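Data block below; observations after.
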Amino acid sequence: MYDGGKIITGLVIFLILITFPIWYNLANSPEQNTIELEKPAFGEHCMKDKEWMRANHMDLLNTWRDEVVREGKRTYHNELDGQKYNKSLSNTCLHCHRSKEKFCDECHNFMGVTPYCWDCHIENPRGI
Amino acid sequence: MGGSRRDFLKTAGASLALLGGLSAESLAAPLSEGELFRPGEPLKEGNVRWAMVVDLKKCAGKDLSKLFEACHKIHNVPDMEREKDKIKWIWSEPFGHAFPNQEHEYVARPYQEKTVPVMCNHCERPPCVRVCPTQATFKREDGIVMMDMHRCIGCRYCIVACPYGSRSFNWRNPRPYIKEINPEFPTRTKGVVEKCNFCAERIARGKEPACVEACTDGALVFDDINDPNSKVRQLLETRYSIRRKPVLGTMPHVFYLV
């Protein structure tokens, strides 16, 4: 192989460069990639457990939306405490998670998603 | 290949005649039972079917703005400046506008003023629902014609289809034009159509619609029309009532006592 040394060196440099994002993240501590969300003002649990909510809250909200608007089913039976809740983003979710800016936006901005819930739904139902 | 040109033409002619016969038959097929509407015979006994009765005698010459304000305040209906942008859920019209073809030059003076409260008629056969391409507007089992704002794409076919002008389009963001936001009800966004929802959110909590509640003299009555003992049925059986544009066959469920 002509110029084998140069080619292999080039390949190694190329591999290091394209895997740079992986090295970079490994070198930095994971704490830098986490965000702190505001803890709910009260209430001990959410509609489902924390990990589920973190991953799937959008599915729960979409289900609520369809059930309330299209089927008229407005009550959610929470299996964690056996209580019944009104399926409402502004009036149930924001009742405990008091600040949209410090809870919803914080994570959505970090993830780079822009849900349009708040075009219509009231973000500060208590007029804060 | 066997067969003459004559045979070919005979077969072709016979096939065409057969096809023509079939299609003529399907065209002449009568409407199914459910499509037909027989006057005086209520639809679907047993289920709840919401309806409203408006007593025009009690409305004549009165200031109805209190009812409209109650509705618009509860539902965050904006007060737009330009006529073109106006959003209306419930408003009033002169008799001749509400009931075209039924007015004449001797209509009593009070009825010539804006005295007939009008809103979405929550039709039994709503044309707006038929034309909506996304099923954003749909008819519930209890007869309420609902809007699902999440699905509305703002095509405005429903506005064209509605023969009562009950629907308004949000040409601009309505938020800045709402004086006092009711936190219990969402606002709308630019680019969606909206209309009266018969206070579906209040009925769910066992309350009467806001306009009915705000009306203290019983000019507006709301109840289940499928229940023979309901207030609505009692009124309809004892007084003469009319509906708006009955000839269109939309079967409105807002009735007017004259």
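The values are calculated or read from the model by the stated rules, or taken from the named source; none is laboratory data. What you are looking at is a predicted structure, and each value in this text was computed from that prediction instead of being measured. Backbone-built Cβ (ideal geometry, glycine too); neighbour counts: all protein chains shown.
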Report summary line: Pairing a residue in the stretch B:50-76 that is part of a helix (DSSP H, G or I) with any residue that is hydroxyl-bearing (Ser, Thr, Tyr), where Cβ atoms lie under 7 Å and the two sit 6 or more apart in sequence or on different chains, gives B:56/B:256; B:59/B:115
Query raised in the report: Applying the selection to the stretch A:75-113, what residues are part of a loop (DSSP other than H, G, I, E, B), within 14 Å of chain B (Cβ to nearest Cβ) and among the hydroxyl-bearing types (Ser, Thr, Tyr)?
Result: A:88
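Is it true that residue A:102 is out of contact with any strand residue (DSSP E or B) (no Cβ under 7 Å at 6 or more places or on another chain) and in contact (Cβ under 8 Å) with a residue 60 or more places away in the chain? Spell out how you get there, then give the answer.
Working: out of contact with any strand residue (DSSP E or B) (no Cβ under 7 Å at 6 or more places or on another chain): yes; in contact (Cβ under 8 Å) with a residue 60 or more places away in the chain: yes.
Criteria met by residue A:102.
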Query raised in the report: Taking the stretch A:27-54, which residues are part of a helix (DSSP H, G or I) and loosely packed, with under 10 Cβ neighbours inside 10 Å?
Result: A:27, A:30, A:31, A:32, A:33, A:50, A:51
Requested in this report: For residue B:194, work out the one condition from (1) in contact with a Lys or Arg (Cβ under 8 Å, 6 or more places away or on another chain); (2) crowded, with 17+ Cβ neighbours inside 10 Å; (3) within 14 Å of chain A (Cβ to nearest Cβ); (4) modelled with pLDDT under 95 it doesn't fulfil.
Outcome: (4)
Query raised in the report: Could you say which residue among B:224, B:142, B:148, B:217 is over 22 Å from residue A:116 (Cα atoms), out of contact with any Cys (no Cβ under 7 Å at 6 or more places or on another chain), in contact (Cβ under 8 Å) with a residue 12 or more places away in the chain and within 13 Å of another protein chain (Cβ to nearest Cβ)?
Result: B:142
